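Notes for the one structure printed next.
The values are calculated or read from the model by the stated rules, or taken from the named source; none is laboratory data. Since the structure is predicted, the reported quantities are computational estimates derived from the model, not experimental observations. Cβ placement follows ideal geometry from the backbone for every residue including glycine, while neighbour counts extend to all protein chains displayed.
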Amino acid sequence: MHDFSYRDGVLHCEGVALTELAARHGTPLYVYSARTIREHYRRLDAALAGLDHRVCYAMKANSNLAVIDLLAREGAGFDIVSGGELFRVLKAGGRADLCTFAGVGKTREEIEFALQEGVYSFNVESEPELAFINEVAGVMGRKAPVALRVNPDVDAQTHKYISTGKSHNKFGIGIDRILGVYEQAAALPNLELRGIQTHIGSQILETDPFVEALGKLAPIVAELKARHGIKFFSIGGGVGIIYHGTLASGSSDWWESGTDPKRIGFDDYAAAIRPLLEGLGLKILLEPGRSLVGNAGVLLTTVLYVKQTPAKSFIITDAGMNDLIRPALYEGHHEIVPLREPSPETPVRNVDVVGPVCESGDFFAQDRPVADLSPGDGVALLSAGAYGFVMASNYNSRRLPSEILVDGSRAEVVRERQTWDDLVAGEKIPGR
């Protein structure tokens, strides 16, 4: 489900024409639908009704303050992976005591900050990290709430860069060692064993990997509750979204009923995992990111040139891999559609859609059929609400784009486009 559709021949986000936003604010430009984000959160929350649970949004997917504020108002907690993300939560009015702090490389400064603010739990990834958090907490005269991240050695059947639950991944503690590591943790005086956590990967399109992981972990979780009195089981996130045929799927009810057979809906997901969790008597934490915001955003760009070579045709746009790196980084797919609806007679050609960055890897699509485009035409890259702006950079000294949040007929700038001066802010030439 999303709120992007053609109306009177123009692509809209909710009640706002994207052509108007592009004309007013320029491109590249990220646009997010508030209604879509709210609806996704509410549908996931409702699918788990009756199960003691908390949805902790994985804000690495999209950490704009407006998005955090929107979800905090819905009652979400937050899954954070840095001190900076905790700072953003607090800046947006969120609560530290609803935050779980993940990540394999937490620094002393970050641990101290999180303890001072009263973070709900640290998701600990290794024995050395466990010892270090105990040390920092002791110096501060505090007890640090922790949950060990267990790696269940389950293949999530997703891209290798976003798979996290196999034994060769850097995340978590092996399932064969987890009970012993909990015994070690119980002996450390400055820790409170509050829960256990797992996460097997991202963009998972079937229920089987989730069921396999939880089936392996449920007896261990029950044992840890009996031994150490843990209070919660965090099962991570990972539910995939539509990337192919996104515009055509906007009005479908696939989130509810799983009408697309290649993907799971929230109801399917909840029905599959609920039997494995209900008897544990623990609060269940979920850490979705992409599934809440991915289809809620688009990246708008403008065609600069159409270049024809003997080998192929190139559509060159003013957005590049520095604005949206997913295609270059792990061959991520984004539907590419014109802002003005093409007629049935519009020719379709196989083209490469590329950006201006000086890298051969700067592309959004290769040899893909796209409706005929001309210089000056506006284009939208769909499903760009997750891992879009948050992974953007100033490579080639390109300015970061603006971000817009649409709510009904209202569109607000929630991040200003960088200026040229912003590019060199904080830099110095020695002696000057």
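Taking the stretch 104-149, which residues are of a type outside the set (S, T, N, Q) and in a loop (DSSP other than H, G, I, E, B)? Spell out how you get there, then give the answer.
Residues of the stretch 104-149 that are of a type outside the set (S, T, N, Q), as a first pass: 104-106, 108-115, 117-120, 122, 124-125, 127-133, 135-149.
Selection gives V104, G105, K106, G118, V119, Y120, E125, G141, R142, K143.
Mind listing whichever residues of the stretch 314-359 are within 14 Å of S383 (Cα to Cα) and assigned to a strand (DSSP E or B)?
Passing the criteria: I336, V337.
So, in the stretch 71-103, of the ones that are in contact (Cβ under 8 Å) with a residue 60 or more places away in the chain and not in a loop (DSSP other than H, G, I, E, B), which residue ends up surrounded by the most Cβ atoms within 10 Å (Cβ to Cβ)?
Going through the qualifying residues, I end up with D79.
Results for (1) under 25 Å from I200 (Cα atoms); (2) assigned by TED's automatic domain parsing to the domain that holds S409; (3) small (G, A, S), shown as yes or no for each residue.
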residue: L44; (1), (2), (3): yes, no, no
residue: A47; (1), (2), (3): yes, no, yes
residue: L65; (1), (2), (3): no, no, no
residue: E85; (1), (2), (3): yes, no, no
residue: K91; (1), (2), (3): no, no, no
residue: R95; (1), (2), (3): no, no, no
residue: C99; (1), (2), (3): yes, no, no
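Which residues, counting only those in the stretch 181-198, are farther than 15 Å from P152 by Cα and either among the hydroxyl-bearing types (S, T, Y) or outside any strand (DSSP E or B) (or both)?
Those that are farther than 15 Å from P152 by Cα and either among the hydroxyl-bearing types (S, T, Y) or outside any strand (DSSP E or B) (or both): Y182, E183, Q184, A185, A186, A187, L188, P189, N190.
Mind counting the residues in the stretch 187-230 that are touching a strand residue (DSSP E or B) at 6+ places or on another chain (Cβ under 9 Å), over 13 Å from L276 (Cα atoms) and of a type in the set (G, A, S)?
4
Quick one: which strands (runs of 3 or more DSSP E) sit completely within the stretch 360-432 and have at least 3 residues that are farther than 30 Å from E345 by Cα?
402-407, 410-415
Report the residue count in the stretch 273-317 for those that are over 30 Å from T19 (Cα atoms) and of a type in the set (A, V, I, L, M, F, W, C).
Looking only at that region, the number is 9.
Among the residues of the stretch 217-230, which ones are of a type in the set (D, E, K, R) and surrounded by fewer than 16 Cβ atoms within 10 Å (Cβ to Cβ)? Talk me through it step by step, then tell me what you get.
So the first thing to find is which residues in the stretch 217-230 are of a type in the set (D, E, K, R), and the list is 223, 225, 227.
Across the stretch 217-230, the qualifying residues are E223, R227.
Out of all the residues in the stretch 239-253, is one or more in a helix (DSSP H, G or I), at pLDDT below 90 and touching a helix residue (DSSP H, G or I) at 6+ places or on another chain (Cβ under 9 Å)? Quick ask: steps written out before the conclusion?
Restricting attention to the stretch 239-253, the residues satisfying the condition of being in a helix (DSSP H, G or I) are 247-249.
After this cut, where a residue has to be at pLDDT below 90 as well, the list is 247-249.
Now restrict to residues that are touching a helix residue (DSSP H, G or I) at 6+ places or on another chain (Cβ under 9 Å): 249.
Yes, the stretch 239-253 contains at least one residue that is in a helix (DSSP H, G or I), at pLDDT below 90 and touching a helix residue (DSSP H, G or I) at 6+ places or on another chain (Cβ under 9 Å).
Taking the criterion of being without any contact (Cβ under 8 Å) to a residue 60 or more places away in the chain and farther than 21 Å from G236 by Cα, would at least one residue in the stretch 23-39 satisfy it?
yes
Answer yes or no: is there a residue in the stretch 56-69 that is surrounded by fewer than 17 Cβ atoms within 10 Å (Cβ to Cβ) and part of a loop (DSSP other than H, G, I, E, B).
no
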